[in-house]
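For reference, the structure is listed below as structure tokens.
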Amino acid sequence: MTDQINLTLPDGSVREVARGTTAAQVASSIGPGLAKAALAARVDGTLIDLSRPIERDATLALVTAKDEAVALDLARHDFAHVLAEAVQHLFPATQITFGPSTDDGFYYDFAPPRIEGKERPFTDDDLPAIEAEMRRIIARNEPLIREEWDRDRLVAHFAAHGESFKAEWAAELPDGEPLTVYKAGRGDDAWLDLCRGPHLPSTGKLDPAAFKLTRVSGAYWRGDQANAMLSRIYGTGWLNKKQLDAHLVRLEEAAKRDHRRIGQDMDLFHLQPEAQGSVFWHPKGFVLWRALEAYLRRRLDAGGYAEVKTPQLMAARQWEQSGHWGKYRENMFVVPDEIPSGEDEGPIFTGTADLLALKPMNCPAHVLIFRQGIKSYRDLPIRMAEFGCCHRNEPHGALHGIMRVRQFTQDDAHIFCRADQLIDEVRVFCDLLDVVYRDLGFDGYAIKLALRPDKRFGSEEMWDWSEQSLRDAVAATGRDTAEYRWEELPGEGAFYAPKLEFHLTDAIGRTWQVGTIQTDTVLPERLDASYVGEDGARHRPIMLHRAILGSFERFIGILIEHHAGRFPLWLAPVQAVVATIVSDADAYAGEVAAALAKAGLRVETDFRNEKINYKVREHSLAHVPYLVVVGRREAEEGTVALRPLGGGEQRVMALADAVALLAAEAVPPDLRP
Ligand SMILES: [Zn+2]
Ligand SMILES: [Zn+2]
């Protein structure tokens, strides 16, 4: 065994170094700039601490802030440790448990200190002091040192320090394997946590101005309601202050755009506890729904889809056949096929009836329609669409406004096709989806291909072919490019097939997965769907599950937040309000409103005896796109003063011109000349 090893760097160059050299030492030997910038290293692809000795020939890549996703995750993980250390400095009787990084920061769960026998959970008032302590720890630039301990030492350490949660956890770890702890600082009394790592080399690598503690909530130990309630402290963490500030602005902007708030301001819908997760659409909200639905229906009609409507309730045995009963039942609303007892006393149901379930998805019912009558290869593709109302049973706590609900309407369709039609069908779908997103005011979206997961049905040949077909289809549209952030996601496909995902970017840079198309050969097999091929034999069709919006409820929520309630005119629930300045203009204002309504516009009137500025403010708040103001002069001259939402310039014009202008703008994008 020689004492030298070869490290291959990303540029292909090879460095011969002493066995046991660390990545930090390699960085220093390349230059002081890199030594300072290095945060961690990848050795043969595995992310490790800079301070780990490298014992064998390997590829070595140094990770810097340029590798942003990795750097962010490392920093957030470090922030979580610093948070835990800070809390224990300030509140020594607190026990630590666990704290991971999150999409925008980190959290840590603590067993709060007991003061005079009573628990003292943390509150938002504690956060400023904890933040200040975190900054002191960062300023001390404590090295984060990895050590390998055996299980018994860990258990003994945590037990001796009164850390009963950590001791319980450690006791369940495998015996005999080295476990890693990270110490903040040298010395026997340094703060430490059980952790797989890796970490940044020291707390000083964190930017003290790049984090903020955001809130405190409750969380159960190990996520189990039967266990102790812990205090979870959340923070957001970034690489620098600029990133943090941008994030805080985004949060503020997101709060302003909250669809629940705008939905109330515009009187679109409401929710109430008597119908958890099901939306009450008010007249104005349903106007928006209908405009969106009508638009999409026209696009589907033009795209060769046939629309169907299928049952809400189907027998349990049907769901057994499709596989949902076995795999998906906990998400289904199950009801007995029985007339309930009308007696006041005694049980409502006998408990002996057959069971039915509300559909959680439309797919099986569409296969049942496909199976009616004999299908020939010439009948394919069949594009079967349904604005299908589905129910999925989700816990109350998981529900969120109209974005996450229990009753929703999918813009669902299933395309039954032959293998030789697959690429074309996927390509045509991608083009349709592109047009719809642009029409609805989104100009950016990402396309991702989710590849085979570990647990899956079907042969490797089927997977190879399906994945390649989806890849080829996107390539055929020319959208497998950086502009569409095209990427492949290994392991993220459904258990029966790969899928394309479409992630919309909204006005404030957030992304929403909405559209999807996936190939499926399993369900046609399970439900025995077939067609007669050119060879006269029976073949299985391929079934493509696809949606553009996902669900109307969630998509309208996204639309509200994307447009901040200021919808393009064709979608606005109320397109114009005719408002009078003086009461003697009432009669003329009525004529104006009638002329607008006759041109197909959704118009309201405001003849109240209020100052015009008051009316302007109120209708602006309700995001009405146009205010049509009329006073005595307009009445005499047959004109109107048109005021666009958001304080654009007021323009006085002849009534007929105003009607023509608004009517032209209100035409849905697919009907424009
Ligand atoms: Zn850690
Ligand atoms: Zn489906």
Regarding the chain, what are the three Cα extents along the principal axes, ordered largest first, in Å? 92, 76, 73
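Quick check on the stretch 339-379: what does the Kirkwood estimate of hydrodynamic radius come out to from the alpha carbon pairs, in Å?
14.3 Å
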Return the tail of the calculated pair distribution for the stretch 235-364, meaning the percent of Cα-Cα pairs more than 16 Å apart. 79 percent
Run the simple label-point estimate for Lys118 and Asp11 please: 7 Å along Cα→C-beta, distance reported in nm. 6.5 nm
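Considering every pair of different Cα atoms, what Kirkwood radius, in Å, is found for the stretch 296-410?
Every distinct Cα pair counted, the radius reaches 16.7 Å.
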dims of the stretch 86-139, Cα set, principal axes, largest to smallest, nearest Å -> 35, 23, 18
Rg/Rg_globular for the stretch 458-567, with Rg_globular taken as 2.2 N^0.38 Å and Rg from C-alpha atoms: 1.33
Based on the alpha-carbon gyration tensor of the stretch 623-673, what equivalent-ellipsoid semi-axes (square roots of 5 times the eigenvalues) come out, in whole Å, largest first? 22, 14, 7
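Give me the percent relative contact order of the stretch 505-563, please, defined on Cα pairs under 8 angstrom at least 6 residues apart. Present the calculation step by step, with values, prior to reporting the outcome.
Values: 64 pairs, mean separation 23.5, N = 59.
Value for the stretch 505-563: 40 percent.
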For Cα pairs less than 8 Å apart in space and 6+ apart in sequence, what is the mean separation divided by the residue count of the chain, i.e. the relative contact order in percent? 9 percent
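How large is the convex hull of the C-alpha atoms of the stretch 136-236 per residue, in Å³? Walk me through the intermediate numbers first.
Values: hull volume 12.6 nm³, N = 101.
That works out to 125 Å³ per residue.
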Cα-based helix-to-principal-axis angle, 241-256 vs the chain, degrees rounded to 10: 30 degrees
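Bear in mind these aren't lab numbers, they're just calculated from the coordinates by the rules spelled out. Since the model is a prediction, treat every value here as computed from it, not as a measurement. Cβ: placed from backbone, ideal geometry, glycine included. Neighbour counts: every protein chain shown.
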